[in-house]
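Structure incoming, see below.
The values are calculated or read from the model by the stated rules, or taken from the named source; none is laboratory data. Worth saying up front: this structure is predicted, and the values here are computed from it rather than measured. Using ideal geometry, Cβ is built from the backbone for each residue, glycine included, and neighbour counts are taken over all protein chains shown. Ligands, DNA and RNA are stripped out before the accessible areas are found, and what is left, the full protein with its side chains, is counted by its heavy atoms. Shrake-Rupley method; radii C 1.70, N 1.55, O 1.52, S 1.80 Å.
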There are 2 protein chains.
Amino acid sequence: VYTYKTLVWGLDGIDVQELSIAGVAGLECSAGSLGIKRDHSPDAAAFVLPRKSAYAGVFTSNVFRSACVDSALTRLHAGKEIRAVLITSGNANAGTGIAGRADTEMMAAAVGEELGCPADEVVVLHTGVIGVPLGAQRLLPALAPLLAARSADPEAGQAAAQAMMTTDTVSKTVVRNVDLGGGVQGTIGGVAKGAGMIHPRLATMLSVIVTDIPVGSSALQLALTQAVKTSFNAISVDGDTSPNDSVILLSCPSDATVSSPLAPGTQAFTTFCAGLTEVCEELARMIVRDGEGATKFLEIVVTGAESDADADRVAVTIATSPLVKTAFYGEDFNPGRIISAIGRSGAAFDLAQVRMQIGGLAVFADGMFLRVDSESAREVMSRTDIVIEVALGTGVGRCRFYTCDLTDGYVRINAEYTT
Amino acid sequence: VYTYKTLVWGLDGIDVQELSIAGVAGLECSAGSLGIKRDHSPDAAAFVLPRKSAYAGVFTSNVFRSACVDSALTRLHAGKEIRAVLITSGNANAGTGIAGRADTEMMAAAVGEELGCPADEVVVLHTGVIGVPLGAQRLLPALAPLLAARSADPEAGQAAAQAMMTTDTVSKTVVRNVDLGGGVQGTIGGVAKGAGMIHPRLATMLSVIVTDIPVGSSALQLALTQAVKTSFNAISVDGDTSPNDSVILLSCPSDATVSSPLAPGTQAFTTFCAGLTEVCEELARMIVRDGEGATKFLEIVVTGAESDADADRVAVTIATSPLVKTAFYGEDFNPGRIISAIGRSGAAFDLAQVRMQIGGLAVFADGMFLRVDSESAREVMSRTDIVIEVALGTGVGRCRFYTCDLTDGYVRINAEYTT
């Protein structure tokens, strides 16, 4: 069960400001300016592990994708182990052709040179304005001091999480301890950025997650793909996807943790997957909660669909309907807009079997809207967190999805930038 | 070729205020208050033909649909001819169960009684708030005076077009003369309402079109289904559909027009279809131009797709992207957002073959963004009407689609109503 406190204050009630990914699995972090942003504000975050580590990744499904995604996928498909991740913001290096790919590789090579490892053990991710040449050459001199300043101190992790921020209003870090049984403990820590799905200057959703739990690369990919389904793939701010969306997971076991990699099918692997899913879902909810202009956090639970895919269709249609999202912004109790969205979703169902609750209030059954007293409706709509439950009454397909309201703040943020 | 003048001033440069559907095919119109709206502003428009007429209709594809759509479909499927259409606004009669269906039929019967025809020769359409009982009984007394006041005067047609308006800011009438050859002339006249796809109080897109050109009901349905494809099905304000969307077409030939119905395959029928398509497209563009909060009219032309369906996918994804729509509102020249939308559309294409123009400026080719001088970009974005041309370079599929920008005006209109 999701609680507000968990999201805002970090897991277990710990103030999110005190959380840091630095130190997890021996991770060293650094933040600084490479000169991409003209005002010299931080535009780079480095994440360096003590040794090369099993690597899993999930990337944007957009056909139009950044050179950095191509570069990261090449390493993934070649089964490479990864020592470091460099994230830069201010320029997405997307729609920049082969020169763009060369720019990304040049930066990876420069990082590798500093760390004493090959370029293909470094993943470089970019976020920012689309279609402008990155010009990596002029950025290289600042890489050495950036990497030299790296540290496992908590402040270094917080600075790195902040350097990733763009239209984000808060940095997003989740650290979770996992009890693998037999007295063995492990840790999973992640950072993420993302506020609107694309922003004219500084775009996209990015996340880096590290763990000291030993997992081989194919099992790691399995775990990440599963975890992303119910987390980063179950959120929408505006329905748009970017050419740069990336989630990177690295496993770097220390000597203190169990020595042999966890095997799929074991209880310990299942526990790891559960912990990873919690970290991803927590980061994903933080992204929605910090959605551009958002004032409400909406959780959509669809059950009883003919298939999970149908449940997904219903949830996504509700979550991306401008009419539903503006009604919540206006605190207008308007179940008709939600039923209309369900009706056009393309999912198979019989309207007479559909039941719906908003914030626990039953609003639709037997093909008709139920009478709701206006005081209860007002109370539900005044909440910051509202759950919409749709039971289709057809099968066993289900989906849980998160979104935010659509506000004039969103329109302003996305209309007022001029590139 | 679409021109601004045509839309705003009516066809052939005639001031739209002077256009009226009344008199077309002998149509008599009337507008008044039935007492649905508490402020007694006009909430009903009646359209009465001299005799029962061939009937075609296209309705919302939403699974959740108003009782009035069920009622209109029953008549259509039974091959009924129609004497009159009554449109009421203020209450959508949707999600109101069997009582709702009885309400619609009760009103049809009352109209039929006044006109001396059976209830199933009357189509009643509703628009307005969803999920509230209509309570037709109390509305019946006002029907007789409404129908008694009907007239073929131009002012009566204008009053009826205005009584249909909800969040619309201008009424929408198109009248088109068609030369059928052999010295035979015909007329097609239509009215429409629609501004956002659903609005909390007064919802949906509705259109009534009448013609004195003789067309049998099955040929009429063929012509309407085709015409709707490139008009009412090629527009989006917010991507939402309502339970009430309806387009009604009635053919009521006078003695002066050719006596036998036009047969599909003949030149005259083709000419009729072309005229009907022009009327529908004109009304559809008027709806977009009057979109809730809209400040820009965007025409999206996709060519070179693998199929028409793929072209449609690309156009709809661009037209419903909040990021694309807010960029145009902000006059931010942002081709990256459009390419990102194309990339997630699901259409099959090779990014390297894609070419794109915005307002005639080439912005993308060979997988890369082209340099555009900022003065030209500024000039294009300052226009009220902007054409986005996407050539996918894959096949011969094509699509033309119309949308508007997304503004804080839209958010305000849809958030500030409380039901």
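The conditions are (1) surrounded by 19 or more Cβ atoms within 10 Å (Cβ to Cβ); (2) in a loop (DSSP other than H, G, I, E, B); (3) hydroxyl-bearing (Ser, Thr, Tyr), and residue A:61 fails exactly one of them. Which is it?
Checking residue A:61 against (1) surrounded by 19 or more Cβ atoms within 10 Å (Cβ to Cβ); (2) in a loop (DSSP other than H, G, I, E, B); (3) hydroxyl-bearing (Ser, Thr, Tyr), the one that fails is (1).
Among the listed residues A:59, A:47, A:64, identify the single one that is at pLDDT 95 or above and not β-branched (Val, Ile, Thr).
A:47
Considering only residues that are aliphatic (A, V, I, L, M) and without any contact (Cβ under 8 Å) to a residue 40 or more places away in the chain, look in region B:306-355 and name the one that is farthest from residue A:413 (Cα to Cα).
Within region B:306-355, the first condition is being aliphatic (A, V, I, L, M), and the residues that meet it are B:309, B:311, B:314-316, B:318-319, B:323-324, B:327, B:338-339, B:341-342, B:347-348, B:351-352, B:354.
Adding the requirement that they be without any contact (Cβ under 8 Å) to a residue 40 or more places away in the chain leaves B:323-324, B:327, B:339, B:341, B:351-352, B:354.
Values: B:323: 10, B:324: 13, B:327: 10, B:339: 20, B:341: 19, B:351: 29, B:352: 31, B:354: 29 Å.
So the residue we want is B:352.
Only one residue in B:87, B:130 is among the hydrophobic types (A, V, I, L, M, F, W, C), touching a helix residue (DSSP H, G or I) at 6+ places or on another chain (Cβ under 9 Å) and farther than 15 Å from residue B:48 by Cβ. Which one?
The conditions single out B:130.
Using the structure shown, decide if residue B:353 is more than 10 Å from chain A (Cβ to nearest Cβ), open to solvent by 40 Å² or more (accessible area, probe 1.4 Å) and touching an Asp or Glu at 6+ places or on another chain (Cβ under 8 Å). Give the derivation first.
Details: more than 10 Å from chain A (Cβ to nearest Cβ): yes; open to solvent by 40 Å² or more (accessible area, probe 1.4 Å): yes; touching an Asp or Glu at 6+ places or on another chain (Cβ under 8 Å): no.
Answer is no for this residue.
With the condition being crowded, with 24+ Cβ neighbours inside 10 Å and more than 14 Å from every other protein chain (Cβ to nearest Cβ), I'd like the helices (runs of 4 or more DSSP H) fully within region A:248-338 carrying at least 2 qualifying residues.
A:267-289, A:308-319
Sort out which residues of region A:73-102 are within 14 Å of another protein chain (Cβ to nearest Cβ), at negative phi and surrounded by fewer than 24 Cβ atoms within 10 Å (Cβ to Cβ), and write them in order of number.
Hits for region A:73-102 are A:98, A:99, A:101, A:102.
Turning to a different aspect of this structure: Could you tell me whether any residue of region B:260-269 is of a type in the set (Ser, Thr, Tyr) and either under 30 Å from residue A:322 (Cα atoms) or at pLDDT below 90 (or both)?
The answer is yes, given that some residue of region B:260-269 is of a type in the set (Ser, Thr, Tyr) and either under 30 Å from residue A:322 (Cα atoms) or at pLDDT below 90 (or both).
Continuing with this model, one more query. Just to be sure, is residue A:358 more than 9 Å from every other protein chain (Cβ to nearest Cβ), under 19 Å from residue B:410 (Cα atoms) and either among the aliphatic types (A, V, I, L, M) or surrounded by fewer than 18 Cβ atoms within 10 Å (Cβ to Cβ) (or both)?
no
Here's a follow-up. Among the residues of region B:36-72, which ones are farther than 16 Å from residue B:111 by Cβ and more than 14 Å from chain A (Cβ to nearest Cβ)?
Looking only at region B:36-72, we keep the residues that are farther than 16 Å from residue B:111 by Cβ, and these are B:37-42, B:54, B:56-66, B:69-70.
Across region B:36-72, the qualifying residues are B:37, B:38, B:39, B:40, B:41, B:42, B:54, B:56, B:57, B:58.
Something else: Which of the residues spanning region A:363-377 are surrounded by fewer than 13 Cβ atoms within 10 Å (Cβ to Cβ) and within 18 Å of residue A:328 (Cβ to Cβ)?
Selection gives A:374 alone.
I'd like the full set of residues that are away from every other protein chain (no Cβ under 14 Å) and either surrounded by fewer than 18 Cβ atoms within 10 Å (Cβ to Cβ) or within 30 Å of residue B:341 (Cβ to Cβ) (or both), limited to region A:121-141.
A:123, A:124, A:125, A:135, A:136, A:137, A:138, A:139, A:140, A:141
Could I ask something else about it? Here is a check on your reading of the model: is residue A:347 outside any loop (DSSP other than H, G, I, E, B), at the interface with another protein chain (Cβ under 9 Å from one of its Cβ atoms) and in contact with a Lys or Arg (Cβ under 8 Å, 6 or more places away or on another chain)?
No, not satisfied.
Tell me, which residue of region B:386-419 that is open to solvent by 40 Å² or more (accessible area, probe 1.4 Å) and at pLDDT 90 or above is farthest from residue B:305 (Cα to Cα)? Please lay out each step first, then the result.
Residues of region B:386-419 open to solvent by 40 Å² or more (accessible area, probe 1.4 Å): B:387, B:389, B:393-394, B:396, B:398, B:400, B:412-413, B:416-419.
Imposing the further condition that a residue be at pLDDT 90 or above reduces the set to B:387, B:389, B:393-394, B:396, B:398, B:400.
Values: B:387: 18, B:389: 12, B:393: 7, B:394: 5, B:396: 6, B:398: 6, B:400: 12 Å.
By that ranking, first place goes to B:387.
So, one more: Criterion first (out of contact with any helix residue (DSSP H, G or I) (no Cβ under 6 Å at 6 or more places or on another chain) and either at pLDDT 95 or above or of a type in the set (S, T, N, Q) (or both)) does residue B:115 satisfy it?
It is true that residue B:115 is out of contact with any helix residue (DSSP H, G or I) (no Cβ under 6 Å at 6 or more places or on another chain) and either at pLDDT 95 or above or of a type in the set (S, T, N, Q) (or both).
Out of A:389, A:375, A:416, A:379, report the one residue that is among the acidic types (Asp, Glu), more than 9 Å from chain B (Cβ to nearest Cβ) and farther than 27 Å from residue B:97 by Cα.
Matching residue, one of A:389, A:375, A:416, A:379: A:379.
Then there is this: Test residue A:220 against the stated conditions and say whether it is within 23 Å of the chain's Cα centre (by Cα) and either modelled with pLDDT of 85 or more or not polar (S, T, N, Q) (or both).
yes
Kindly list, by first and then second residue, each pair from a residue in region A:147-166 that is closer than 24 Å to residue A:245 by Cα to a residue that is in a strand (DSSP E or B) and of a type in the set (D, E, K, R), limited to pairs with Cβ atoms under 6 Å and residues at least 6 apart or on different chains.
Taking only residues 6 or more apart or on different chains, the pairs are A:164/A:193; A:165/A:193.
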